[in-house]
1. Net charge near ASP183, counting Lys/Arg +1 and Asp/Glu -1 over other residues with Cβ under 12 Å of its Cβ?
2. Counting other beta carbons within 10 Å of each Cβ, put ASP412, ASP366 in order, fewest first.
3. Using a Förster distance of 22 Å, how high is the FRET efficiency between ARG38 and THR80, based on the Cβ-Cβ distance and rounded to 0.05?
4. So how much slack lies between GLU94 and ALA329, counting 0.36 nm per residue of separation and subtracting their Cα-Cα distance, in nm?
5. I'd like the distance separating the alpha-carbon centroids of segment 172-241 and segment 39-84, in whole Å.
6. What number comes out for the charge environment of ILE15, summing +1 per Lys or Arg and -1 per Asp or Glu over other residues with Cβ under 15 Å away?
7. What do you get for GluC sites (Glu not before Pro) in segment 9-100 restricted to DSSP loop and a cutoff of at most 12 other Cβ within 10 Å of the site's Cβ?
8. Running a GNM on the chain with Cα contacts under 10 Å, which residue among ARG337, ARG127, ARG377 ends up with the highest mean-square fluctuation?
Amino acid sequence: MTRSEELFARAQKVIPGGVNSPVRAFKAVGGTPRFVERAEGCRFRDADGRWYIDYVGSWGPMIHGHAFPPVIEAIHKAATRGTSYGAPCEGEVELAERVIRLMPSIEKVRFVSSGTEATMSALRVARGFTGRRKVVKFEGCYHGHADLLLVSAGSGVATLGIPGSPGVPEGTVGDTIVVRYNDVAALEAVAEEHGADLAAVIVEPVVGNMGCVAPNPGYLEALRAITARVGSLLIFDEVMTGFRVARGGAQELYGIKPDLTCLGKIIGGGLPVGAYGGRADVMDCVAPVGPVYQAGTLSGNPLAMAAGCAALDALEADGFYERLEALSARLEAGLRRAAERASGPVTLQRVGSMITAFFGPGPIVDWPSAKACDTARFGRFFNAMLNRGIYLPPAQFEAAFVSIAHTEAEIDATVDAAAEAFATA
Ligand code: HOZ
C-alpha cells in the first residue's frame, strides 16, 4: 500500500469521500488521489516522495508557482502581526487599490473568503440594486456551490453527472434561468420574455469549468448589449480568468466592461480569498452604505491581503504575460503534435495559460459539445500522464493551468510524456 492509499483510506473514514472538494477524489479517472506533502515552483511531491509537474496549481491561484518567495515572505511578515483582526487593516486598502488599478471596471470592491461567496454576494447585490428577481446563468458554467447557482453547473457537478443537487430547494433556483453558452439567440429569447424581471446575467467569460471554452467572436459583446438594453447587470465571474488570461482579466482581453466582477484564486496568492466589485453606484448598495447585507469574520484578513498584494505586484514584472503566453503556446503546439498518436479525435483548446485536451471532435463551444467527449479516453490519458509524473486536473471538464514557474524543459518533458500517453487513449 502506498502512503497516499493509506491516507486516503484514513481520510474516507472521517471526511466524506476522503476529500474536501469532490473533484479531488479521482472518481472520474479512477485510482487514488495523490496526497501532497510539499510543493515548490511548478512541482509537488506526494506523500510517497514522488515529484510531479503540476498543471492544476491549486486550480488556478499558483500563477507564480508554489511557495513563491515574495508571497511566502509576505505571509510570514503578516503572520507575526496576528492572523485575523475582525477589524479593518491597511492590507485591505492596499489590495483593493491594486485590484481597482488592474481592473478599471471595478470602482469599489468587497473582499470575501471564497469565489462561492463572491458570486453569491454579487447576485444578491444585483437583485437588491435592480429590484428584480431573475438571473441567467449558462449551462456548464460553474460559479461555486451557492444554492441559486447550483443548476446545470460545470466542474465537479458535471464530472459527477449531478443534474441539480439534493438540498437545493426548487424555490431557490426557481428564478435562475439556464441558457446555452455561446448562443446569442437563446439569450435574446430569454431577454424578450423575462427582460423586465432580469436582475443579472452571470458568465465565465472564458469558461474553465467545462474545460477551456472560449467565447465566440462577438459573444461577450452581445451579452453586454442585451443586458444593457433590458437594464440588467452583466456579471463576469473572473475567479479563474482574473489576472490570468491577461493582467486585467478576460474583460481586458476582450475589451468588455461588466457591471460587476467576481474574483478569487490568484487574488489571494493561494490563501482563501474572493472578491466582488464593480460600478460604485451598484457597490454602494452593500451594507453599511446601503441595505444589501453581506459580512464575514475572516473577510479581508491580513494574511490573505498580504499574500494577494505580493502576488499581484509580481504580475507587474515586465514581460510576465508574454513569457506565460510563450510557455503556454509551446505546450499547446507540443500537445497538438503528440495528440496525433491518439486513437480518436482530440481537440486542444487554449486561452492564455488555460488549456484543455478534449477527447472528442471540436470545436467545443458549449456544454452539449463538451459533454459528448469520451471521458473514458480522458481517464486513460490522465492516468498515463500521472504515471509519467505529470499531474493534470483529474476530470475532463476542467482547465489545466500553466504557471510562470514552468520552464521550457518542463513543458517539453510534459509533451514527451503526452506522446506516450495519447497513444493509450
Ligand atoms: N471546483 C474546482 C474546480 N473547478 C475544484 C476545487 C478543488 O477541488 O480544489
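Values quoted throughout were computed directly from the atomic coordinates according to the rules given, and no laboratory measurement underlies them. Computed from a predicted model, the values in this text were never measured in an experiment. We place every Cβ from the backbone using ideal geometry, glycine too, and count neighbours over all the protein chains shown.
1. Details: positive: ARG180; negative: GLU139, GLU188, ASP366.
Around ASP183, the charge tally is -2.
2. With the fewest neighbours first, ASP412, ASP366 line up as ASP412, ASP366.
3. 0.50
4. Roughly 81.3 nm would be gained on extension.
5. Their Cα centres are 34 Å away from one another.
6. Values: positive: ARG10, LYS13, ARG24, LYS27; negative: GLU6.
Here the count lands on +3.
7. Nothing satisfies the criteria.
8. Evaluated over the chain, the most mobile residue of the options is ARG337.
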